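Inspection log for the structure reproduced underneath, given as structure tokens.
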Amino acid sequence: MPVKGELLLYVLSGMAICYLSSAFAKMIAVIALLIWYAYFHAHSTICFLLFLIGVCFWIQPSAVQKMKDVVQVVAVHADYAIVSDGKTQGIAYGLDDVNYDEVLRLTGTWKPIVSLQNFYRFSFAKWCNRRGIYEQWQGTYEKIAAKDTLRSRLYAHVQKLPKNARSYVSGFLFGALKRSDDLAYLMQAGGFHVSALFLFLRRFIARFSVKHARFLAYLLGFLLVSITKESAAIQRVLVFEFVACLPIENQKDRFAFAVLLSVLLFPYLLYEYGFLLACSIRMIFLFVQGRWKQRIMLWAVLIAFQLFAFYECSLLQLLLFPLYRRIFAFAYLFAWGIVFFPLLGGLAGAMEVVLKWVLSWPNDLLSLSGKPSFLWLLLWGRTIAYLIKHTEKKSMIKAMMLLAVFPYQAYLHPFGEVMMIDVGQGDCFLFTLPFHQGTMLIDVAGSLYKNIPEQTLQPILKAKGIDVIDIVVVTHDDYDHSGGLQELKEIVRVKQVIDAYQPTVALGKQLWYMPMDTSAYDNENDRSLLLYGQLGKHRYLFMGDAGIAVEEELMRRYPQLDCDVLKLGHHGSHTGTSSLFLQQVNPQMALISAGRNNRYGHPHEEVLSRLQSYAIYYQNTAEKGALRIYYTPWFSFFVNSAHEFGFLK
């Protein structure tokens, strides 16, 4: 067996290998790692051969099985429920008034889970797939049976509470906080509130039975949390508390075994920020000696995690993190208090208000926004590690300087960028000049079912460090092009909105041209503003929703007009993009912004056939998600959210 603490090295190595995308790459990494360990640690290599290979291949996705129509409710969320047919799980929408463990007969069609594919944004489809959930359903249903379990009884009891108390208790015990509440979400995802419950039980039981306090606390805690939501945080805490009851003396080996067991039982934990944060914090207390050094390291890790996961953080909030942990833990215990003493429910509304205020009041003080670059993270880690080891003022000054220059990373970016954002059935294009010299949006799609600017655009703007948009061009008044404008203004400052014809649009030193005034056309789509400009060495033409009539007039006025990148009119509808138009403008790439399975059938097959017949490469958000085109004066290249890469000629 390995020496004490060496197990941790093997576990962390195995976890790192798991992030490799292909089975072949994992096998090569395993062989290389084994050779390395065999050379330096021959006594322990054989013992962990099966572990390394097992962990690496455990997370390989299993074959997708079709869901059946008779299912049992596994979890109830605000917008959907997770159901199981005994072999696999699925997402069901439109289930009103259902309880845990109820058996339902579903009438409808199971379809693959799809979600918007954008950069910098949480992907619900990936979240589901990592848990072995691949299909979603919506239709009618019939209740067949209702099982009488502790979980169903608890859920039914909570639903009978007054509205404020029901909302509060459901949020802590069965639901999840909004991802916009970043610090609160990170605390819940990390399981700090559940850990507080176990600590409270352990100290309470220790008053009566010191010898078996941890084990009895685990049994009671397991009973309480296992009948609530089966979240990743709860699963992690249950495993760690279980391992703490085992007779493993060395703390590093105990921690390593807990991580190993968690990953083997729940492979998707490797991709959960909450799990990684909790493990990182535990490692700080295992390896860093000295209270003030531990606090510095904790602060540094929290900054890196929150910037990497949410693209913003409040330095003052993170300094008060230990206090917030206690407040959040108390709020969680208070939710359990309402369950056992319903009269406390009258204080739930006030408690929720206080909690939101406490978690948000310093949010704008000493705040940072933007996605940290690899170089910044490398320098940050090196500086903090050196500070912990040598405790010099010079290292502290370096750390402060790195925080001070963080907001200016974007001004060092030499590439300009055109981003076609996946907003479903609508248009939204984001333009960023090199060195952060200007920002422009063409169209801001709206939706009757969600806030697209807040849910889709805001994470992108935060990650890119954009707090001001210089120009928003609204091509025409259709809701799928202009409906999100007001919501956009609520989350970011907009300097100028252009919704009428003008010959030129100046974004910094970059000039865009409107080749013709379309305001005289009767059709709303044909009144779309057209934009033409050159970025780097390539020319771009954006057609809005304009149809064939506008294309013919454009060719008549500009017989020599051509472009390299063409944004197709009307989401690739057959009302535009004629053969004659494609022959003249002769683009090498076409952009299509359309929703998956949209009711209009966009883009139409005849348009796609024309593109193929003229050997025009196209990118469709309905297929590949968002697209980024980076440009310089010498070359341009693109990458989409499906990780496809290429160059423009």
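Out of every Cα pair in the stretch 561-649, what percent are spaced more than 16 Å from each other? When every Cα pair of the stretch 561-649 is considered, 53 percent fall beyond 16 Å.
Pairs from the list K398/K624; K111/K147; K111/K371 with a Cα-Cα gap above 32 Å: K398/K624; K111/K371. Split the accessible area of the stretch 249-396 by element, probe 1.4 Å, and carbon with sulfur accounts for 67%. If the Kirkwood radius is taken over C-alpha pairs of the stretch 324-461, then at 20 °C and 1.002 mPa s the Stokes-Einstein diffusion coefficient equals 109 µm²/s. Over the stretch 264-391, the pair-distance histogram of Cα-Cα distances with 10 Å bins from zero comes to 11, 32, 33, 19, 5, 1 percent, rounded to whole numbers. The simple Förster model, with R0 at 60 Å and r as the Cβ-Cβ distance, assigns I397 and E352 a FRET efficiency of 0.90. 3J(HN,Hα) along the stretch 252-264, derived from phi through the Karplus expression 6.51 cos²θ - 1.76 cosθ + 1.60 where θ = phi - 60°, amounts to 5, 5, 4, 5, 5, 5, 5, 5, 4, 5, 4, 5, 5 Hz, with x in place of Gly and Pro.
Taking the Cβ-Cβ separation of Q560 and V468 as r and a Förster radius of 41 Å, what is the calculated FRET efficiency to the nearest 0.05? For Q560 and V468, the calculated efficiency is 0.65. Extension gain, F341 to F122, is 75.1 nm, computed as 0.36 nm per intervening residue step minus the present C-alpha separation.
For the stretch 472-557, the carbon plus sulfur part of the accessible surface works out to 44%, probe radius 1.4 Å. Between Y617 and A500, the C-beta separation translates, for a Förster distance of 41 Å, into a calculated FRET efficiency of about 0.75. A viscosity of 1.002 mPa s and a temperature of 20 °C, combined with the Kirkwood radius over C-alpha pairs in the Stokes-Einstein formula, give the stretch 483-542 a diffusion coefficient of 160 µm²/s. In this simple spin-label approximation, L448 and K66 carry label points 7 Å from Cα along the Cα→Cβ vector, and these lie 3.3 nm apart. Once both labels are positioned 7 Å from their Cα atoms along Cα-to-Cβ, the gap between L199 and K389 label points is 3.1 nm. Probing with 1.4 Å while keeping every protein chain in the model, the per residue accessible area of the stretch 63-159 equals 53 Å². Please list log₁₀ I(q)/I(0) at q = 0.12, 0.22, 0.27 Å⁻¹ for the stretch 260-336, using the Debye equation with identical point scatterers on the alpha-carbon positions. Those come out to -0.42, -1.14, -1.21, one per q.
Considering all different alpha carbon pairs of the stretch 444-531, the Kirkwood hydrodynamic radius works out to 14.1 Å. Per residue, how many Å² of accessible area does the stretch 366-525 show with a 1.4 Å probe? So the stretch 366-525 comes to 49 Å² accessible per residue, rounded to a whole number.
The values are calculated or read from the model by the stated rules, or taken from the named source; none is laboratory data. Everything quoted here is computed from the prediction, not taken from an experiment. Positions of Cβ are generated from backbone atoms using ideal geometry, with glycine treated the same way; all protein chains shown enter the neighbour counts. Heavy atoms of the whole protein, side chains included, go into the accessibility calculation; ligands, DNA and RNA do not. Shrake-Rupley method; radii C 1.70, N 1.55, O 1.52, S 1.80 Å.
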